[in-house]
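Below is one structure; the comments refer to it alone.
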Amino acid sequence: MSLRVLTLNLQRGLDGRTAQPTDAAGLASAVAGIETDVVALQEVDRGQPRSGGQDQARLVADSLGLAHVRYAATLTGDVRSRARQIPARSGGHPGPAYGVALVSRHPVLAWFVLRYPRIRVPLPSWRAGRIARWEDEPRAALVAVLQTPAGPVVVCSTHLSLLAPMAAVQLGRLLRSIDGLAASEPALVCGDLNLDPWATRPIARGYHLPAALTFPAATPRRQLDHVLVRGAEVSQVRARRLPVSDHRALAVTVTW
């Protein structure tokens, strides 16, 4: 059995060269022709005015001919305004939202959303030559059990904190949850971890870490986007530059 997986920080569909919003046709065209069985998306808008009200996960799914979509909101309401909120429940939240998604060729047997701890007070940061306030954005993981012809496979889409120590804590919590959910089935942890491989490897013991530079998209110098693989072998790895996003998409094929 082989499974093709793609992870992409979508950056809410911004054009990769101009950083301007992309319309629905442009977003669909940006991913058209990619051959994959599963797509893990991060920074995904749904019903947001800033992206024309698009359901971006559904647009990606329809463009690739993938039938099954799951979405988890980390913020709701118009994210540009003070009306934005952290939802009490992340999965399937109605109305305008921003979060992570999974798109799959294979049916979803079960799924859940893991909410992470975060730093709740603003921290000082250096921005545009001056000290500014930085707030740790709420983060989550969307974990699904897929029914493949070879049996169940656990796949996750996640986006971790920009603060590396917090990202490390979040990743450890996620991997413990997945190991508790399915210790024997293959597991693929996909997403923008905001961690380099040297920082990821000690936390992800027992996982393969396919390597390819993904950020920034134009001239990548770091790998922030990962597909951590447990219980399967990696047969192919490629970082793809798409017309959207400031990240490259990481495409990994696994076999078991």
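Okay, residues lined up against (1) among the basic types (Lys, Arg); (2) in contact (Cβ under 8 Å) with a residue 60 or more places away in the chain; (3) under 19 Å from Thr255 (Cβ atoms):
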residue: Met166; (1), (2), (3): no, no, no
residue: Ser177; (1), (2), (3): no, yes, no
residue: Glu185; (1), (2), (3): no, no, yes
residue: His208; (1), (2), (3): no, no, yes
Being in a helix (DSSP H, G or I) and farther than 18 Å from Leu250 by Cα is the filter here, so list the residues in the range 30-62 that pass it. Pro49, Arg50, Ser51, Gln56, Arg58, Leu59, Asp62
Selected residue (only one of Arg130, Arg120, Arg115, Arg205 is under 19 Å from the mean Cα position of the chain (by Cα) and among the charged types (D, E, K, R)): Arg115
Conditions (1) modelled with pLDDT under 95; (2) in a strand (DSSP E or B): number failed by Pro87: (2)
Can you pull out the residues in the range 42-68 that are under 15 Å from the mean Cα position of the chain (by Cα) and either under 13 Å from Val79 (Cα atoms) or among the acidic types (Asp, Glu) (or both)? Glu43, Val44, Asp45, Arg46
Suppose we filter the range 90-109 for residues that are surrounded by fewer than 17 Cβ atoms within 10 Å (Cβ to Cβ), modelled with pLDDT of 95 or more and in a strand (DSSP E or B); how many remain? 2
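Which of the residues belonging to the range 214-241 are surrounded by fewer than 18 Cβ atoms within 10 Å (Cβ to Cβ) and under 26 Å from Ala164 (Cα atoms)?
Hits for the range 214-241 are Pro216, Ala218, Thr219, Pro220, Arg221, Arg222, Val237, Arg238, Arg240, Arg241.
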Look through Leu174, Leu142, Leu162, Leu195 and report the one residue that is in a strand (DSSP E or B) and either closer than 25 Å to Ala72 by Cα or over 18 Å from the mean Cα position of the chain (by Cα) (or both). Leu142
Within the range 230-256, residues under 17 Å from the mean Cα position of the chain (by Cα) and either in a loop (DSSP other than H, G, I, E, B) or over 23 Å from Val154 (Cβ atoms) (or both) come out as Ala239, Arg240, Arg241, Leu242, Val244, Ser245, Asp246, His247, Arg248
Only one of (1) of a type outside the set (Gly, Ala, Ser); (2) at pLDDT below 95; (3) surrounded by 18 or more Cβ atoms within 10 Å (Cβ to Cβ) is not met by Val5, so which one is it? (2)
Ser63, sole failed condition from (1) crowded, with 24+ Cβ neighbours inside 10 Å; (2) in contact with a helix residue (DSSP H, G or I) (Cβ under 6 Å, 6 or more places away or on another chain): (1)
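The values are calculated or read from the model by the stated rules, or taken from the named source; none is laboratory data. Keep in mind that what you see is a predicted model, and the values were worked out from it rather than measured. Because the Cβ atoms are built from the backbone with ideal geometry, glycine has one as well, and the counts that use them run over all protein chains shown.
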